[in-house]
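The values are calculated or read from the model by the stated rules, or taken from the named source; none is laboratory data. Keep in mind that what you see is a predicted model, and the values were worked out from it rather than measured. When we count neighbours, we look across all protein chains shown, and the Cβ atoms used for this are built from the backbone with ideal geometry, even at glycine.
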Amino acid sequence: MKRLHFYSIALLFLTSNQSFSQNETQTDSVSLRDNLIKINTLSDTLNNDKLSFLKNDQKKWIKEISDTELEFSMMASKEGITKAFLAYAADEAVLMRNNSLIIGIKAIEENLNNQSSITENATLTWKPDFVDVSSSGDLGYTYGKYTYTTKDSLGNLKVNKGIFHTVWKRQADGKWKFVWD
């Protein structure tokens, strides 16, 4: 649709203020056709360059989100689940846990602190199977598998596996933080 609009404008531009006599019509229509071919070629070149530019940016942003996801997981393993979630959550982040929404960083902190006796003896690991980002580079999402392991009072391991889905938002400082998990 955009290309059709572009051609309409180009046609108006090329034919404006031109009067054709019967002798000039064939020569001018050939000239008009040649000009439209040139415009089409230029349009294709510009569109391809734009798509290439966007694809390169999207690849870069996907890598940024993948790296952030990896750093987040590593922090959870090394420094604890609570610290990692608070470090990577945006102020407006929302967690869905046990069919309930925990909205905002303060509520997330309170929820994690209330579960500290559970999370202190737990490990959480994950890795995204898929990462994508919007063409504007401000939102992205990941999904993959996680493993949540806890020890009971006798030291027995309890392993829970599942699927995660995280939505990431680029912050004003350029860093990625999650807004949904």
Do we find that residue 107 is surrounded by 15 or more Cβ atoms within 10 Å (Cβ to Cβ) and more than 26 Å from residue 59 (Cβ to Cβ) in this structure? no
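Name the one entry in 164, 85, 130 that is in a helix (DSSP H, G or I) and either modelled with pLDDT of 95 or more or within 29 Å of residue 56 (Cβ to Cβ) (or both).
Only one candidate passes the filter, namely 85.
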Restricting attention to the range 46-80, report how many residues are modelled with pLDDT of 95 or more and aliphatic (A, V, I, L, M). 6
Report whether or not residue 71 is over 13 Å from residue 177 (Cβ atoms) and not in a loop (DSSP other than H, G, I, E, B). no
Among the residues of the range 108-149 satisfying the criterion of being over 25 Å from the mean Cα position of the chain (by Cα) and small (Gly, Ala, Ser), which is nearest to residue 164 (Cα to Cα)? 122
